[in-house]
Amino acid sequence: MSRTAREPAGDSDALTRATHLTRDAVLAGRPPARAVRTVIGASWRRVRAQGLTPGGAPEISPLSNDELARRREISGTRPLMPLLRQHLIPACEATDQLMVVADVDGRVLWREGLTRVLHHADGLGFVGGSAWTESNVGTNAIGTCLIDEAPVHIHAAEHYAETHTPWTCAAAPLRDPLSGRVIGVVDVSGPVHTVHAGTLSLVTLAARLAELELRSAHDLRLHGLRSLAAPLLARLDGRAFVVNSAGMTAAATGFVPPDHIVMPVDFPGGDLWLPPYGLAFAEPLPGGWLLRLLHHGERPDDVTAMTLDVSGPTPALRLDAGGGSWAYEPSPRHCEIILALMSHPHGRTAAELADDLFGDHTRTVTVRAEVSRLRRVLGSAIVPRPYRILSGITVEIVAPADRATALPGSAAPAVARWRNDHR
């Protein structure tokens with residue numbers, strides 16, 4: 001639609017009526033009087049591919065109170081709550097809206113605001129622990145933000161589910177500023193009459209301020225680790241570097257290190273195959289690791305097998321190489337990319353991969369950035385032009401018995417096709 005659908009302004013009743021007329025025309029197969037915004041059209045195509053109907057109800061139940069408490073405790077968004085409350089709650093209470101923070105799975109962890117608005121949200125199923133993903137409730141700011149990894153405002157009948165059309169919502173991703181990974185979403189929502197032109201800007205600014213606070217805390221901890229690392233590295237010959245527990249480099253000797261590496265899951269220390277550097281030896285330090293590289297140069301033929309395990313609630317990627325095995329927990333987006341590349345051994349162009357991930361072949365800039373991040377993790381196991389897994393690497397996808405339950409938060413067309421191809 002027009003800019004007013006992205007940043008609503010003016011007569012909220014007129015704007016709401018316009019979204020309903022557009023939605024009714026599209027669902028009836030008629031040309032709408034106003035073009036559907038690109039972000040909305042792509043989302044509607046994704047959720048239709050998932051088999052959702054506009055009148056359908058959510059299929060995923062809210063979390064139990066115990067599980068909700070556990071997720072709050074371990075969430076990387078937890079330290080950001082005081083700042084988000086400071087900047088968003090006064091505005092929300094003044095405009096009859098809610099502040100909502102969800103995790104990377106789209107689960108609502110916190111929602112705060114006036115009691116009457118909370119009761120309104122209860123009627124929509126917008127409660128603590130609910131799954132607010134596209135694959136569960138259709139087009140909505142939290143779920144669509146998680147897929148696009150960009151701020152988005154969705155108003156009234158831009159929602160796919162009929163039950164959510166009385167609502168307006170704006171959301172922005174919360175990122176770890178060093179790794180670039182999305183760790184959650186902050187959302188400002190309310191009844192349609194509360195729509196405001198400044199809401200998206202407000203929530204986006206709050207998210208950026210939260211990321212700056214995360215970076216400040218990272219830098220402080222990294223400075224302490226750097227002080228510990230300096231005398232250790234001074235006594236070593238060869239190439240070595242020190243990283244914190246998140247894989248961020250604190251100091252190095254003998255070479256220019258990467259800014260960030262991904263450490264294996266539940267790693268006790270010892271020999272480690274480290275893309276793209278090959279074999280290394282890892283020694284634990286307080287708050288991090290000392291990594292000593294044991295040979296020079298990158299060896300593209302090190303990786304012999306790649307296994308993506310989506311059979312459980314936490315996906316895992318394992319690589320077998322000449323120096324042993326290595327595993328990590330890929331982000332949801334990286335899971336989607338790896339699955340798409342495993343499904344197309346001859347490779348995908350940036351436009352094809354954009355269609356695989358977003359149902360929108362124009363999103364090539366986003367695709368290139370995401371694959372670049374993935375290649376920093378996997379080294380030359382991912383080959384560009386076209387994007388593909390290096391020839392000679394054996395690939396396997398470990399799926400649950402019911403493939404429809406794999407990657408439940410994903411609405412990527414590539415994932416939907418993979419689920420349907422194996423029914």
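Read the figures in this text as sums done on the coordinates, not as results from a lab. Fair warning: this is a prediction, and the values are worked out from it, not measured in the lab. Here the Cβ positions follow ideal geometry from the backbone for every residue, glycine too, while neighbour counts run over all protein chains shown.
List of remarks:
- Neighbour counts of other Cβ atoms within 10 Å put Cys92, Cys169 in the fewest-to-most order Cys92, Cys169.
- Cα centroid separation - segment 225-260 against segment 65-90, whole Å: 33
- Segment Val383-Phe281, extension gain: residue separation times 0.36 nm, minus the distance between their alpha carbons: 34.0 nm
- Rounded to 0.05, the FRET efficiency of the Ile74 and Thr349 pair, given R0 = 35 Å and the Cβ-Cβ distance, is 0.40.
- Placing dummy labels 7 Å off each Cα toward the beta-carbon, the span from Arg215 to Ser245 is 2.4 nm.
- Cβ-placed point charges (K, R +1; D, E -1), dipole of segment 25-97 about Cα centre in debye, nearest 20: 480
- Estimated inter-spin distance, Thr304 and Ala14, nm [label 7 Å along Cα→Cβ]: 6.9
- Taking amide H atoms as placed 1.01 Å from N in the peptide plane, the amide H of Arg175 lies under 5 Å from those of Ile183, each 5 or more residues away in sequence or on another chain.
- Phi to ³J(HN,Hα) by Karplus 6.51 cos²θ - 1.76 cosθ + 1.60 over segment 40-45, Hz, x for Gly, Pro: 6, x, 5, 5, 4, 5
- The trypsin sites (Lys or Arg not before Pro) found in segment 309-362 include none that occupy coil by DSSP while having at most 12 further C-beta atoms within 10 Å.
- With the simple model of a label 7 Å out from the Cα in the direction of the Cβ, Leu294 to Arg30 spans 7.0 nm.
- Positive end of the dipole of segment 3-215 (Cβ unit charges, origin at the Cα centre): among Trp167, Ile183, Gln50, the Cα lying farthest that way belongs to Gln50.
- Structure-derived Cα extents along the principal axes in Å: which label, when the choices are [x] 61, 58, 45; [y] 75, 44, 39; [z] 70, 47, 38: [z]
- Evaluated with a Cβ-only charge set (Lys, Arg +1; Asp, Glu -1), segment 3-215 carries a dipole of roughly 480 debye about its Cα centre, given to the nearest 20.
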